[in-house]
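The values are calculated or read from the model by the stated rules, or taken from the named source; none is laboratory data. Everything quoted here is computed from the prediction, not taken from an experiment. Neighbour counts are summed over all protein chains in view; Cβ atoms, including those assigned to glycine, are modelled from backbone coordinates with ideal geometry. These accessible areas exclude ligands, DNA and RNA; they are computed on the full protein's heavy atoms, side chains included. Shrake-Rupley method; radii C 1.70, N 1.55, O 1.52, S 1.80 Å.
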Amino acid sequence: MPLKNHLKELRARLGVNQQEMGARVGTSRQTISQIERGDYSPSVTLALKIAKTCGVTVEEVFEYTEDES
Amino acid sequence: MQIDDMKKNIRKDSNFKIVLEFIAFTLFATLVGYISGTVMDNGMIKACLVSVCDVFVRYALHFYLALNIVMCSLCIGLYIKSKKLAENWDGEDEKQINKIEFCLDIVGSIISLTVIAGIMLWMLDFSNIEGCADSRTAWIIHTVLFSCMFGWIYIVRGKMMSFKQKLNCEDRIHVLDLRFERKYFESRDEGQKMIIYRATHDVFKGLSYINPVLMLIAFIGKISFDTGNFPVVIVLVAWLMEMMIYTRAVFKYKYRDKNRKAE
């Protein structure tokens with residue numbers, strides 16, 4: 001997965017669980033879990049919402065790395 | 001130039017794989033045809049098969065009852081297990097919530113399986129009604145048993161859905177809503193929809209393989225077991241419907257944006 005993220009760390013910093021995080025950004029717990037695991041790359045809208053909720057920029061939440069393979 | 005060669009090689013490999021698959025399928029079909037032909041030649045085996053089918057039809061109602069009792073107990077057990085797991089969930093442990101949701105998803109799958117198998121067994125047993133001395137009582141028993149199956153399914157499914165809604169507070173669609181399927185899909189967020197898209201794609205891919213096999217089985221049945229044209233026609237209609245729905249959806253989503261722009 002070339003898109004890495006720091007959502008788990010940022011969520012821990014906010015002191016909220018996945019359910020609460022989901023409620024804050026207007027999505028489900030499952031989607032937050034999928035993003036944290038790296039199974040799903042969110043849409044631009046959701047990425048912006050997550051960044052806004054965490055009080056950081058999108059680049060600080062999501063990190064694009066070139067695929068070595 | 002190198003890229004073109006690479007693409008050509010990839011295409012060659014892929015085509016070679018498809019040809020191999022086709023040859024394997026042809027060999028498999030030939031083998032199945034040969035075995036079924038040999039089986040039909042042997043009167044004893046045919047008699048055996050017919051008697052097995054007869055026993056299956058004769059005791060279809062017993063199987064129906066056993067199926068419902070086993071599946072109902074299994075669903076209740078899994079539901080209780082998931083409730084107990086949820087009581088100990090701290091709202092953070094992902095393994096725990098995955099276990100809970102896995103149990104609930106298994107309950108959902110068991111329910112779908114029971115509905116299909118239950119209806120099949122219930123219909124098979126219908127042929128036994130004519131042989132009954134009191135066909136009216138048989139009708140009543142059948143109707144009651146059919147209602148019982150949907151009764152337990154309704155209760156367990158309702159409990160499961162309300163429990164799921166407690167775990168995921170954004171879920172607000174009631175299982176008894178007449179447009180449940182549509183509203184449920186529309187209420188999903190992007191991550192959940194992605195799972196549905198992937199699952200649907202897998203279903204389509206699976207059916208693309210299953211349909212020709214079913215077609216082959218129906219055709220062998222027609223030739224070797226005198227099942228007639230009806231099963232072949234039904235499989236063809238199902239295949240055609242699947243392709244029509246797929247093509248319609250592709251056209252709808254491919255040209256929707258173009259039509260909007262034209263407006």
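Can you pull out every residue in the stretch B:129-168 that is within 14 Å of chain A (Cβ to nearest Cβ) and either surrounded by fewer than 16 Cβ atoms within 10 Å (Cβ to Cβ) or not in a helix (DSSP H, G or I) (or both)?
B:Gln165, B:Lys166, B:Asn168, listed by residue number.
Would you mind stating whether B:Gly37 is on the phi > 0 side of the Ramachandran plot and not hydrophobic (A, V, I, L, M, F, W, C)? So that I can check it myself, show each step before the final result.
On the way: on the phi > 0 side of the Ramachandran plot: no; not hydrophobic (A, V, I, L, M, F, W, C): yes.
Judged against the criteria, B:Gly37 is not a match.
Residues are listed down the side, and each one gets a yes or a no for (1) under 30 Å from B:Ser127 (Cβ atoms); (2) in contact with a Ser or Thr (Cβ under 6 Å, 6 or more places away or on another chain):
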| residue | (1), (2) |
| --- | --- |
| B:Ser14 | no, no |
| B:Thr26 | no, no |
| B:Ser36 | yes, yes |
| B:Asp41 | yes, no |
| B:Arg58 | yes, no |
| B:Leu78 | no, no |
| B:Lys84 | no, no |
| B:Lys95 | no, no |
| B:Ser112 | yes, no |
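Can you list the helices (runs of 4 or more DSSP H) found entirely within chain A that contain at least 1 residues being open to solvent by less than 50 Å² (accessible area, probe 1.4 Å) and under 18 Å from B:Ile195 (Cα atoms)?
Fully inside chain A and qualifying: A:18-25, A:29-37, A:44-54.
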